Amino acid sequence: MSVKALKPHISLNVKNVEASVDFYKKLFGIEPVKFIKGNTTTHSIVKDQLGEASEKPRFGYAKFDVQNPPINFVLNEVAYTEGGTLSHLGIQVESTDDVLKTRERWIGSGLLTVDEMKVDCCYALQDKTWARDPDGNEWEVFVVLENTEPEASACGCGDKVSHAELTEASPLSTSACCTPNQKASTIAATNSPCC
């Protein structure tokens with residue numbers, strides 16, 4: 001018996017659902033299908049009817065029903081002090097042209113991007129661009145140009161993207177993961193951007 005999967009589901013914990021919704025509207029180019037702002041206050045009529053039960057805090061929630069690529073994507077506003085075990089998120093596309101079109105849409109929406117072109121990472125030669133949400137979750141749009149054989153171990157990179165203000169004091173990085181002579185090609189990157 002086979003199961004027909006409809007779409008992957010990704011649920012992220014975020015500190016501020018409104019800031020995250022603003023970012024993801026730009027990233028995906030769509031509005032959320034559900035958007036509930038966090039609320040710790042209750043209307044007086046509801047409070048009179050339900051008493052103390054009505055005073056329970058309601059945390060923010062948003063759901064994006066992304067069609068291309070198909071993703072059931074959810075944001076849960078939760079108080080936390082450290083991130084979880086999520087490495088990064090990505091959307092694989094068909095061509096470098098698709099990577100560049102997505103990057104231009106993101107930039108047009110006000111997102112800061114970092115490119116890695118012809119980067120050999122995760123046993124594949126790839127072109128990609130990155131964006132980071134308000135909680136530090138990193139997103140890449142990438143195309144696999146060709147698979148590569150590992151010479152040693154897979155990339156063991158740390159932070160993939162670090163956005164800095166564009167100033168003369170913060171030049172572009174001259175290194176990209178697994179390709180130390182490859183330069184990240186837009187705005188700013190850490191010393192170790194990666195897959």
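What order do you get for LEU12, LEU86 when you list them from fewest to most C-beta neighbours inside 10 Å?
In order of increasing Cβ crowding within 10 Å: LEU86, LEU12.
Any chance you could run the full-extension gain for LYS118 through LYS63? It's 0.36 nm times the residue separation minus the Cα-Cα distance, nm to one decimal. Show your work: numbers first, answer last.
Details: separation 55, 0.36 × 55 = 19.80 nm, distance 3.39 nm.
Separation in residues times 0.36 nm, less the Cα-Cα distance, equals 16.4 nm.
When the chain is fully extended, how far beyond the present Cα-Cα distance does ARG105 get from GLU31, taking 0.36 nm per residue of separation?
Going from the current span to full extension adds 25.1 nm.
Any read-out appearing in this document is the output of simple, stated calculations on the displayed coordinates, not a laboratory observation. Worth saying up front: this structure is predicted, and the values here are computed from it rather than measured. Quick reminder, even Gly has a Cβ in these numbers, built from the backbone with ideal geometry, and neighbours come from all protein chains shown.
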